[in-house]
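J.: Quick one: structure below, then a few questions.
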Amino acid sequence: SSSCGTIMLWSKRGQVRASKPKPQSLTPSALVARMLEQRTVLTAADVDSVARVDSTQLVLPVYPTSLYETAISGRVLAEFVVAADGTVDMQTFSAVTASNREFVESVRTALDQQRFRAAYRGGKPVYQVMQLPFDFLPDSSTVQRKKRP
């Protein structure tokens with residue numbers, strides 16, 4: 001006798017992860033350096049109006065659960081290029097400094113969704129490289145729970 005069954009799989013929405021660089025491709029920092037050299041991207045000093053976060057559509061990084069529950073604070077200094085349309089060119093994203101890799105992934109995910117007001121030069125929107133710090137601080141109730149025996 002034969003029996004039939006059903007295998008059911010459930011999945012949750014995955015996280016956006018950085019794509020692995022292709023052989024001979026530039027690192028994000030090298031890509032930004034090349035763009036600056038070729039003047040396809042500008043610095044804050046080169047523009048009339050700097051790029052800034054669109055605060056009407058703010059996307060905050062999610063505090064990684066394992067770090068939050070253990071009251072581990074941290075900081076990421078992210079560098080990336082804001083395109084003329086206000087999106088982040090994720091190929092240029094890098095963490096200049098980071099206290100924990102999990103914080104970097106959280107910042108990467110948030111920046112991929114965040115919109116910016118583009119930089120302007122000569123009345124036209126332009127690409128601009130920027131650095132933005134992100135601080136992760138557990139709230140006082142988490143810190144108190146950690147101190148209890």
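J.: If you go through the range 99-143, how many residues are touching a strand residue (DSSP E or B) at 6+ places or on another chain (Cβ under 6 Å) and farther than 28 Å from Q38 by Cβ?
T.: 6
J.: All but one of (1) free of Cβ contacts under 8 Å to residues at least 60 places away in the same chain; (2) open to solvent by 50 Å² or more (accessible area, probe 1.4 Å) hold for A30; state the number of the condition that does not hold.
T.: (2)
Let's see how each residue does on (1) modelled with pLDDT of 55 or more; (2) over 17 Å from the mean Cα position of the chain (by Cα); (3) of a type in the set (S, T, Y):
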{"position": "S2", "(1), (2), (3)": "no, yes, yes"}
{"position": "G5", "(1), (2), (3)": "no, yes, no"}
{"position": "K20", "(1), (2), (3)": "yes, no, no"}
{"position": "S25", "(1), (2), (3)": "yes, yes, yes"}
{"position": "L31", "(1), (2), (3)": "yes, no, no"}
{"position": "R34", "(1), (2), (3)": "yes, yes, no"}
{"position": "V59", "(1), (2), (3)": "yes, no, no"}
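The values are calculated or read from the model by the stated rules, or taken from the named source; none is laboratory data. Model, not experiment: these values are computed from the prediction. Note: ideal-geometry Cβ built from the backbone for every residue, glycine included; neighbour counts use all protein chains shown. The accessibility values were calculated without ligands, DNA or RNA, using every heavy atom of the protein model including side chains. Shrake-Rupley method; radii C 1.70, N 1.55, O 1.52, S 1.80 Å.
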